[in-house]
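So the structure is just underneath, and the comments pick up after that.
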Amino acid sequence: MRNAVKRVTHKERAQPSSRKKFGLLEKHKDYVERAKDYKNKQSHLTKLRKKALDRNPDEFYFKMNSSQVVKGIHKTTKNANSAVDNSVISTLKTQDLGYITAKKCADDSKIRKLKENLHLIGEQKVKNHKVFVDSESELIDFDPAVHFDTAPELVSRSFNRPRLLKSTSTSGDASENHSSDGMVTSTGGRIDPRCVATSLTSTGSKRNKGAKKATPIPAAYKELRERVKRSKNLRTAIDKLSLQRLLTNSKGSKRKVVIPNPAGGNGKDTVVYKWKRERAR
């Protein structure tokens, strides 16, 4: 019940209206923080004064040769192109070698995938039309031209296969004219030439509308050729970096051997380093 009873709300003293130009009224906790900060700065200045009084005027550090004080600020005047330690060079070359090796592995993977896919470019997918029969005798006597009611020359077509014209008594003069002018097949049947022309036209228009833009073959092979060339260049860069690492970290005497290019002309000669054999102790 004690917490349920309303208590008096104690308000902090505000800044008097005559002193509002100085901002908020400083409380005790604000004074404590300001006092601690002031004491820390005073102690730091005391240490610096003591260090200046105890300084040796003849004190020397090698860093003084490559630095100077400009307007109270120490600045390094050492040349950026100065010699670097061999350990630093070896570390940098190791990082470069790792990066180039990773890039070459990625290129080799893409080259392998391109080679697996490019050998099928330009080939058409073979489509099969399955016809089910009831007995083996029907399978032996099966004739595709009779089953599809078309000419034997058009059996291999998988699109808009025209049917043979059938002469009926109700066909009239028009059918006789069409049959006389139709295309004669190897079996003696006739196909209406208009049907053939219409099928070819409709099929060509459908193919043009529904066809997707395929990637041209030269572009795919060009990409493969460029990647193979880049992979060879990366292999050369890896060999050079590996040789430089060996030369940097190697110990003992070595000599440079230049092997002339067997092709001659503008070909580059091969450089090989041979180290003197040392007895293992």
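Placing +1 on the Cβ of every Lys and Arg and -1 on the Cβ of every Asp and Glu, with no other charges, gives segment 1-59 a dipole of roughly 560 debye about its Cα centre. Heavy-atom accessible surface of GLU116, to the nearest 10 Å², is about 110 Å², with a 1.4 Å probe and all protein chains retained. Exceedance of the 19 Å cut-off in Cα-Cα distance is limited, within the set LYS104/LYS240; LYS110/LYS232; LYS11/LYS36; LYS110/LYS229; LYS240/LYS276; LYS63/LYS251, to LYS11/LYS36; LYS240/LYS276; LYS63/LYS251.
Note on surface exposure: THR150, THR94 rank THR94, THR150 by accessible area, highest first, 1.4 Å probe. Across the protein chains, with a 1.4 Å probe defining accessible surface, the residues TYR31, TYR99 rank TYR99, TYR31 from largest area downward.
TYR221 exposes around 90 Å² of accessible area when a 1.4 Å probe is run over every protein chain in place. Surface listing: ARG279, ARG13 arranged by accessible area from highest to lowest gives ARG279, ARG13, probe 1.4 Å.
The values are calculated or read from the model by the stated rules, or taken from the named source; none is laboratory data. As the structure is a prediction and not an experimental result, all values here were calculated from the model. For neighbour counting, all protein chains shown are included, and Cβ atoms are generated from backbone atoms with ideal geometry for every residue, glycine included. Heads up: the accessible areas ignore ligands, DNA and RNA and are worked out on the full protein's heavy atoms, side chains in. Shrake-Rupley method; radii C 1.70, N 1.55, O 1.52, S 1.80 Å.
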